[in-house]
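Values quoted throughout were computed directly from the atomic coordinates according to the rules given, and no laboratory measurement underlies them. What you see is a predicted model, and the numbers here were worked out from it, not measured in a lab. With ideal geometry, Cβ positions are generated from the backbone for all residues, glycine too; neighbour counts draw on all protein chains shown.
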Amino acid sequence: MIKTLIIGGAGFIGSHICDYLFKKGHVVFCMDNLITGDISNISHIRDDRFHFIKHDVTNYIYMEGKLDYIIHFASPASPIDYLQYPIQTLKVGSLGTHKALGLAKEKKATFLLASTSEIYGDPLVHPQKEDYWGNVNPIGLRGVYDEAKRFAEAITMAYHRYHGIDTRIARIFNTYGPRMRIKDGRAIPNFITQALKGEDITVFGDGYQTRSFCYISDLVEGIYRLLISNEDYPVNLGNPLEMTILKMAEKIIDLTKSKSKIVFKPLPEDDPKVRQPDISKAKEVLRWEPEVTLDEGLEETIRYFKKKIND
Ligand code: UDP
């Protein structure tokens, strides 16, 4: 039996990974302190092969027995969350990654880090390839997340080089789908909730900043392929379909048949102007690329939010 620990397993992406690995037959240990994760994301998995452990990973982790994989997804990950929890964000990316790596060393487990396109900051190279080092403001409001993840990558590579641990680093670009929190501050949940409730759609800045959005099932498939690969260095995972945020707002109004109007609000500090993954490495090394179309992914996400809002 393959035994896997997913730290941050009750969060949006973490819980989908729990589902995926559970279906693959793994014994799954899901660890979360539930500050931004939600137990309802995993409460449907009831089985002897699934274990929930409430624990803050910045503290020493003790686990008995063998572990084959440790997957570290714990972190506040939306701008609103890391503005609300700046110190926890820094701690989970630094101390939390250190503890998780210590456990990986002890168990001789493969370690997968959820990194982020935020490590590229407000990029001066477009689209972003893994060999771009980024343009990050260390003392800005987003710095707590960006620098924590940059440190997390550095310590992961140090454990690889000095302790010989098998490491995987996923640089995850904007991802969306069911189990995102309603109005968690990110564009897609905000826009869908606003559209469904007939509220104004809040586009920040002039809406001409771009992002590239990947549907959750595509991302999880990419994470799995990376996990079982031999690639110790970072790999971008995301959907290269780039669009302006204004276009995304219009698309959501369209798909929800909403009467909501778009209103413009100030652009948050250090909000990247462009973002698009170059996924040639993932295509080559993992034989992976996204398959779900934007319309399919958004329809599924809108269905989830409709139900959430009505519950
Ligand atoms: N955004 C927006 N309105 C909102 C929430 C976000 O216009 O209600 C913008 C935000 O300023 C950014 C883009 O949408 O330019 C994507 O934001 P998100 O928080 O989803 O992700 P990130 O900025 O981390 O890529």
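Some observations on this one:
- Estimated from helices alone, the mean residue ellipticity of the chain at 222 nm is -11000 deg cm²/dmol (sum of -39500 (n - 2.57) over DSSP H runs with n ≥ 4, per residue).
- Cβ-based charge dipole, the chain, positive-most Cα from F50, L34, I87: F50
- Cross-link reach list, lysines versus K308, counting only Cα pairs under 16 Å and skipping chain neighbours closer than eight places: K183, K197
- Cβ-to-Cβ counts within 10 Å put M31, M243 in ascending order as M243, M31, the fewest first.
- Share antiparallel - DSSP beta bridges, the chain, percent rounded to 5: 10
- Net charge of Cβ neighbours under 14 Å - reference E299; Lys, Arg +1; Asp, Glu -1: +1
- When the listed pairs K129/K257; K54/K149; K54/K283 are checked against a 26 Å cut-off, the alpha-carbon distance exceeds it for K129/K257; K54/K283.
- In terms of packing, defined here as the mean over residues of other Cβ atoms within 10 angstrom, the peptides 91-98, 69-76, 304-311 line up highest first as 69-76, 91-98, 304-311.
- Length added when fully stretched, K251-K197, from 0.36 nm per residue minus Cα-Cα: 17.8 nm
- Taken over the alpha carbons of the chain as equal point scatterers, the Debye sum produces base-10 log I(q)/I(0) values at 0.07, 0.09, 0.10, 0.12 Å⁻¹ of -0.25, -0.42, -0.52, -0.77.
- Straight-line cross-link reach from K108 at under 16 Å between alpha-carbon atoms covers these aspartates and glutamates, not counting any fewer than eight positions away in the same chain: E64, D68, D166, D232.
- From phi via Karplus (6.51, -1.76, 1.60), per-residue ³J(HN,Hα) for segment 96-101 in Hz, x at Gly/Pro: x, 5, 4, 5, 5, 5
- Taking amide H as placed 1.01 Å from N in the peptide plane, the amide H of I2 sits under 5 Å from that of V27, each at least 5 places away or on another chain.
- Ranking of C214, C18 by neighbouring Cβ atoms within 10 Å, starting from the fewest: C214, C18.
- Contour excess over end-to-end distance, with Cα ends at V285 and K23 and 0.36 nm allotted per residue: 91.9 nm
- Considering only Y120, G65, A195, the residue lying farthest towards the positive end of the dipole of the chain is G65, judged by Cα position with unit charges set on Cβ.
- Farthest toward positive dipole pole in segment 219-311 [+1 Lys/Arg, -1 Asp/Glu at C-beta], among P277, L227, V292: V292
- Scanning residues 5 or more positions from F52 or on other chains, those with amide H under 5 Å from its amide H are C30, with H placed 1.01 Å from N in the peptide plane.
- Annotation for segment 9-81 versus segment 82-114: alpha-carbon center distance of 13 Å.
- For the chain, the longest principal axis of the C-alpha atoms and the axis of helix 187-197 are separated by about 50°.
- For the chain, excluding the exposed loop sites themselves (GluC sites (Glu not before Pro), DSSP loop, at most 12 other Cβ atoms within 10 Å), the longest remaining stretch covers 65-268.
- Amide H within-cut-off set for G121, under 5 Å, with H built and near neighbours excluded: N135
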